[in-house]
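This report concerns only the one structure given below.
Please treat every number below as a calculation from the coordinates, not as lab data. Because the structure is predicted, anything quoted here is derived from the model rather than measured. FYI the Cβ positions are ideal-geometry reconstructions off the backbone, even for glycines, and counts take in every protein chain you see.
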């Protein structure tokens, strides 16, 4: 069966792939988080899985089921926890999920695991989960883990093409041109262009407050305008990201023994 999706294989087919080919396993991690009125709650997981699938197809890899709940949404990069539908987990929960996944893939005999993050707030907890999972696997494990945020593979030249008026920065791009364009490329039926608000860019102070000041965040949850998004921009971004992630996978791991 020819598929990049691990959960479409039987355990015997999966075992055969691991033993014979030592393919990289890509583990997408997202969040269930508001993305304005025009994008679905699952945008982060949908994009990380789509990017992972494109990269996996280029390197003979497999994509594991997405970890779809992310760390708590923050006002300056995700709008915050006060939006209905945003469903987040504590740090310990995310760390534990990643730790367990790393340990299990090591038990399978996987030698190359790529954690593909699609939610800004997840980063440090993925790092901790990877560290603890490798500790659990023990010093004799052959597993190596690569962690990445897919947006880091977008080059300045491509961002300049997508943002002719200037790039506002990745944090403010929540539910804006990057994510909307990539969703138009990968999942056009889930995008409501007619509902794109004209908010932002949000103007945050250089500090945080607790409890969160929800009035800092546009009511729509969009931190920068998504107007100007297009499937063509999404295709350009998606292709560059997938190609460059595939190159990183080919170059970043130790040679097969």
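Tabulated values for the structure
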item	result
Exposure proxy order (Cβ contacts within 10 Å, fewest to most) of 245, 130	130, 245
Listed values (i) 18.5, 56; (ii) 17.8, 53; (iii) 17.0, 48, entry calculated as Rg and Dmax of the Cα atoms in Å	(i)
Sorted by Cβ density within 10 Å, fewest first, the residues 124, 11, 5	11, 124, 5
Within a Gaussian network of the chain (alpha carbon springs, distance under 10 Å), most fluctuating of 62, 12, 132	12
Folded to 0 to 90 degrees: helix 123-137 orientation relative to the chain principal axis, Cα	10 degrees
CD proxy at 222 nm, helix term only [per DSSP H run n ≥ 4: -39500 (n - 2.57); per residue of the chain; nearest 500]	-13000 deg cm²/dmol
With Cα atoms, 0 to 90° folded angle of helix 11-21 axis to the chain main axis	80 degrees
Spatial extent of the stretch 13-77: Rg and Dmax, with the Cα atoms as the point set, Å	14.7, 46
Percentage relative contact order, the chain, counting C-alpha pairs under 8 Å, at least six apart	23 percent
Additional length obtainable on full extension of the chain from residue 15 to residue 232, 0.36 nm per residue less Cα span	74.3 nm
Inter-site label distance for residue 8 and residue 82 at 7 Å from Cα along Cβ, in nm	4.3 nm
The stretch 27-65 and the stretch 118-189: distance between their alpha carbon centers, rounded to Å	10 Å
Whether the stretch 43-157 is rounded, prolate or oblate, judged on the alpha carbon gyration tensor where a/c under 1.5 counts as rounded	oblate
190, 126, 46, 159 arranged by Cβ crowding within 10 Å, fewest neighbours leading	190, 159, 46, 126
Between 0 and 90°, nearest 10: helix 43-59 axis offset from the chain longest Cα axis	40 degrees
